[in-house]
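What follows is calculated from the coordinates using simple rules that are stated; it is not laboratory data. Only a predicted model underlies this, so the values are computations on that prediction, with no experimental measurement involved. Cβ: placed from backbone, ideal geometry, glycine included. Neighbour counts: every protein chain shown.
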Amino acid sequence: MYPIVDTASLARRGFGTWAFVEALIEGGARLLQYRHKGEFTRAVFEELTAIARLCREAEAQLVVNDRADLAVLVNAGVHVGQEDLTPPQVRRIVGARLVGYSTHNEWQFTAPETESADYLAFGPVFATASKHNPDPVVGLDMLASLRRLSSTPLVAIGGITRETAPAVWRAGADSIAVIGDLLPETLTKVAVRQRIEEWNQLPR
């Protein structure tokens, strides 16, 4: 699975980003995304740099949301969306580093530019509260249908929980990106570590 470290969600809960990443890695996460939609101040970049170092030490792959330039600076992968640079443009900046690309319908999923991406995210599979203006829900049937159109690794995203994850994997997802279901009601490092362990033990 693919944990998304959403700084806004953590800030609303009063929980530190560093502690959250530590708990994810201790729980077995080996791929995670740093998602910061606010201003990238010097303090935020210093936090990202420290998290990148922690991921390298744990042999975990870090992906930076949106910012190809910062991904290069911290030697991480990058994930871009439909309003960002295209995967071919990003590839010119980051070279061989991991590139992910968000798609939300068949046209986007099969567009020629997707060939430059290492993985395609597709969703939202279910309703999600992590975006202010989410794209329309695509559902499991559409996920399964598009899975047959591409051999590129497919990451399902959007409102997926431990209860619905097995069905998402059966529909053809190679990985599942998660934000909300990684945030227990009582948010502590121990609880986050236990939650990621629960995810990693789910049947596939």
- prompt: Label 7 Å along Cα→Cβ of Ser116; the range 48-69 residues with amide nitrogen under 18 Å?
  reply: 64-69
- request: For the range 30-81 and the range 137-202, compute the distance between their C-alpha centroids and round to whole Å.
  value: 21 Å
message: At a threshold of 8 angstrom on Cα-Cα distance, excluding pairs fewer than six apart, so keeping six or more, what relative contact order does the chain reach in percent?
response: 20 percent
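Only sites in a loop by DSSP and with at most 11 other Cβ atoms within 10 Å count here; which GluC sites (Glu not before Pro) in the range 122-204 make the cut?
Counting only loop positions with at most 11 other Cβ atoms within 10 Å, the GluC sites (Glu not before Pro) in the range 122-204 are Glu163, Glu185.
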message: Cut-off 10 angstrom, C-alpha nodes, Gaussian network model of the chain. Which of Ser175, Ser145, Ser116 fluctuates the most?
response: Ser145
field: Loop GluC sites (Glu not before Pro), the range 73-151, which have at most 10 other Cβ atoms in a 10 Å radius of their Cβ (DSSP)
entry: Glu83
query: Say each of Leu54 and Thr86 gets a label point 7 Å from the Cα, pointing the same way as Cα to Cβ; how far apart are those two points in nm?
result: 3.7 nm
